[in-house]
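Everything on this sheet refers to the single structure shown next.
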């Protein structure tokens, strides 16, 4: 509670170093590597948003891909230039109220977050009464429903064809800027009274409500905040890739984020940020496992899928090694 | 202050308590005793809204003019009205620090919304500071000021019990329910506890309802005592009357 | 007349799809009954069952019916292996931990599938005997649509006998009813859990083989959707309850087919149907149609 001077100084130094690092990376690395670093910024936001729900509040949600989809489509539709929209929606014209919309990136991102957050609120209200595994499966279900709906609402999302030609607004500064905002938000939130109430719910629901904490209100709050940031991150992703379609937002996307959160430690902000960086870079670095490499004299055959095998093994190994520790040990910033 | 009328609670086919009535006046310390499994904790759970009774009504009026029906309210609503409790088997937020545990007890009275908390608006800052100071004060009261940065689960058992009381006090209760506060204590410690309960009662203007197995504690501290056996109220009165009551002696000694 | 025959055709399709869901759902429900764990990898066990059969038919000299018998047994053993490696060490851990391990195991199996079997779809070698269309009145129905429910019913009768009449079966029920007490009564928990995983995986593999015959396209990710839907079937019926799982399976299978048949406009939403049903059930009666009411202990 008492803000420790030392740790905040360390944090500032860390922040300054990261910014310098990003600056140098942006200047000297090739575009492929910059893209990876940009992507890791997005994953930091995603990891933290899931950590708020699963790590700090102790719920188990697997709905992240759905909220990302909402954010991604919001940004895609709102920022796409009007002529581009006409090209995209050739099967069925876009809904008239969206046809002549062309927003800037920041308002679109905000809209992405707010719509995803609202969706989190609406979805959370009924299902957050469920516990552990039922909640997991219900949120997973909602994410799937969102995906199926997006596949079918031709005039809104262009259905299975997806959206192409979303302006590439996302650069290293956008993604890391948002990541910093998220880190700041989570830190401040968890330091304050509301964050402590989330932790109390994670620790012991019965005791928490006997101490006057309205479980439902706080769970919905945490879930909506988590969804908000998932939506913003989805929006960043859409503007990084330029192309989105409903099939991107399958449960395997949620799996990647879960991996980050579990590796970083549930309830650990700095850990999550670091693990987001490490996992994203490794995802790319291990790409060679999937693709064949030509060493000139010998052709090494890559094995598609090997990369994800490695990650699945890492996830299981971490869970097996840490057992209780993985989840119960709450390190606070 | 608290009026329990004809309370009946069943789990499946098992009746945990039936037709229990009790009256607790403002400023009293009232004891609830009975052999193990008599249904004492069940009554606490019903009062605090953890269980819904099959039958019966509970009214609570913290100030003389306003009546609240507790049955049907959620535990958090009841806590907000000013009924707070400790647990028989200590339920702390075990991975959080001692200070945080008490701090969380303050949360239900917070007026700032979550956004002013995140953006650290001055109104919230003042509130948080007050909560922090109050928490420190309460920790001092229970003698845990030196342990405030330790994890709650790392405390010895006796200290955990005191921390639970501090956490409950942080909610600003009018009525405090203590579920076996003296469990696991030696005679010297129970003596301290008795003095401590009296002291917090005076200082925070509390009414106290407690379950206890240590007869010396209960007899010394309570103004009235209710005795429960197999979910049925078998006696109530002042400590002297209870000590002389034959049915109570029977229930405890198991005389047929 | 035409309408009726089309309806009967849909009915047959629904019943056979429902049977498949039911067979897979039993594995979920048995494991959940004992360990309170959603075995997320169960759908991928189903997938392995299909692939093992596929390779057995194509690359061994064994006749197809023998492969159909052996493959489920092998799949059952894989189920045991899965439990021992990914779940057993976590038995005393918080439920979320073991759930994460289950998700990890699911992804591991899927991606191992991609690595070993290749990512491209393969065609299931349907035995000629099973690849026939019968005409009944005006209805032409694939013979498998009849065989699937029959085999399912036979298997269910066998399972029912096993659970209610054999010693192991009774131990299984005891464990599901009260884990702690049962473990104190000298029941060999590890053996029972292994048998549970064996049976669940075996049934999933049988379901998988029939799935392959009915929808002869194999992909390493083919287990995800049927797996999730069968889990939903188990929840709808009341998780932990075998009759419930079967009921849920039929409700879901028939519901899906009928939705598409009666409201063709909603065809695209077919995959969402199960999830909508799930969420409705969870909100209205979380314990499922046949489940007991769960009371919370404080």
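Scanning the range A:249-274 for residues that are away from chain C (no Cβ under 14 Å) and in contact (Cβ under 8 Å) with a residue 12 or more places away in the chain returns A:268, A:269, A:270, A:271, A:272, A:273. Out of all the residues in the range C:48-58, is one or more touching a helix residue (DSSP H, G or I) at 6+ places or on another chain (Cβ under 9 Å), in a helix (DSSP H, G or I) and under 18 Å from residue C:149 (Cβ atoms)? No, the range C:48-58 has no match at all.
From A:135, A:109, A:140, which residue is more than 11 Å from every other protein chain (Cβ to nearest Cβ), under 23 Å from the mean Cα position of the chain (by Cα) and surrounded by 15 or more Cβ atoms within 10 Å (Cβ to Cβ)?
Numbers: A:135 fails: more than 11 Å from every other protein chain (Cβ to nearest Cβ); A:140 fails: more than 11 Å from every other protein chain (Cβ to nearest Cβ).
The match here is A:109.
The residues in the range A:186-212 that are at the interface with another protein chain (Cβ under 9 Å from one of its Cβ atoms) and either within 18 Å of residue A:274 (Cβ to Cβ) or free of Cβ contacts under 8 Å to residues at least 40 places away in the same chain (or both) can be counted, and the count is 15.
Being under 17 Å from residue B:179 (Cα atoms) and part of a helix (DSSP H, G or I) is the filter here; which residues of the range B:196-219 pass it? Working first, answer last.
From the range B:196-219, those under 17 Å from residue B:179 (Cα atoms) are B:196-198, B:200-201, B:206-219; that's our starting set.
If the condition is that a residue be under 17 Å from residue B:179 (Cα atoms) and part of a helix (DSSP H, G or I), then B:196, B:197, B:198, B:200, B:201, B:215, B:216, B:217, B:218, B:219 are the ones that fit.
Return yes or no: is residue A:62 touching a helix residue (DSSP H, G or I) at 6+ places or on another chain (Cβ under 9 Å) and in a helix (DSSP H, G or I)? No.
Quick test for you: out of A:76, A:21, pick the one residue that is modelled with pLDDT of 90 or more, in contact with a helix residue (DSSP H, G or I) (Cβ under 7 Å, 6 or more places away or on another chain) and part of a helix (DSSP H, G or I). Just one listed residue meets the conditions, A:76. Checking each residue in the range B:140-156 for being surrounded by fewer than 19 Cβ atoms within 10 Å (Cβ to Cβ), closer than 11 Å to residue B:92 by Cα and within 22 Å of the chain's Cα centre (by Cα) picks out only B:153.
Does residue B:89 satisfy the condition of being surrounded by fewer than 17 Cβ atoms within 10 Å (Cβ to Cβ) and under 16 Å from the mean Cα position of the chain (by Cα)? Yes; evaluated as a whole, the condition is true for this residue.
In summary, residue C:46 fulfils each of the numbered conditions (1) crowded, with 22+ Cβ neighbours inside 10 Å; (2) at pLDDT below 95 with the single exception of condition (2).
Scan the range C:68-91 and tell me whether some residue there is within 14 Å of chain A (Cβ to nearest Cβ) and outside any helix (DSSP H, G or I).
yes
Does the range C:114-134 hold any residues that are touching a helix residue (DSSP H, G or I) at 6+ places or on another chain (Cβ under 6 Å) and assigned to a helix (DSSP H, G or I), and which are they? I'd like the intermediate steps shown before the answer.
Our first condition is that a residue be touching a helix residue (DSSP H, G or I) at 6+ places or on another chain (Cβ under 6 Å); within the range C:114-134, this holds for C:115, C:117, C:124-127, C:130, C:132, C:134.
If the condition is that a residue be touching a helix residue (DSSP H, G or I) at 6+ places or on another chain (Cβ under 6 Å) and assigned to a helix (DSSP H, G or I), then C:115, C:117, C:130 are the ones that fit.
Let me confirm something: among C:203, C:99, C:199, which residue is within 21 Å of the chain's Cα centre (by Cα), touching a residue at least 60 places away in the same chain (Cβ under 8 Å), within 14 Å of chain A (Cβ to nearest Cβ) and crowded, with 21+ Cβ neighbours inside 10 Å? After applying the criteria, what remains is C:99. Just one of the listed residues (A:72, A:65) is within 17 Å of residue A:231 (Cβ to Cβ) and touching a strand residue (DSSP E or B) at 6+ places or on another chain (Cβ under 7 Å), and it is A:72.
Test residue A:324 against the criterion of being within 14 Å of chain C (Cβ to nearest Cβ), modelled with pLDDT under 85 and closer than 28 Å to residue A:165 by Cα, and give yes or no. In short, no.
Reported count of residues in the range A:143-158, each being in a helix (DSSP H, G or I), out of contact with any strand residue (DSSP E or B) (no Cβ under 9 Å at 6 or more places or on another chain) and more than 8 Å from chain C (Cβ to nearest Cβ), is 7. Of all residues in the range B:183-192, one or more are out of contact with any strand residue (DSSP E or B) (no Cβ under 6 Å at 6 or more places or on another chain), surrounded by fewer than 20 Cβ atoms within 10 Å (Cβ to Cβ) and touching a residue at least 40 places away in the same chain (Cβ under 8 Å).
Restricting attention to the range B:103-135, the residues that are more than 10 Å from every other protein chain (Cβ to nearest Cβ) and either in contact (Cβ under 8 Å) with a residue 24 or more places away in the chain or closer than 14 Å to residue B:162 by Cβ (or both) add up to 1. The lone criterion from (1) surrounded by fewer than 21 Cβ atoms within 10 Å (Cβ to Cβ); (2) within 14 Å of another protein chain (Cβ to nearest Cβ); (3) at pLDDT below 90; (4) over 22 Å from residue A:36 (Cα atoms) left unmet by residue A:300 is number (2).
Of the listed requirements (1) part of a helix (DSSP H, G or I); (2) surrounded by fewer than 24 Cβ atoms within 10 Å (Cβ to Cβ); (3) within 14 Å of another protein chain (Cβ to nearest Cβ), residue A:92 misses just one: (1).
The values are calculated or read from the model by the stated rules, or taken from the named source; none is laboratory data. Fair warning: this is a prediction, and the values are worked out from it, not measured in the lab. Neighbour counts run over all protein chains shown; Cβ positions are idealised from the backbone, glycine included.
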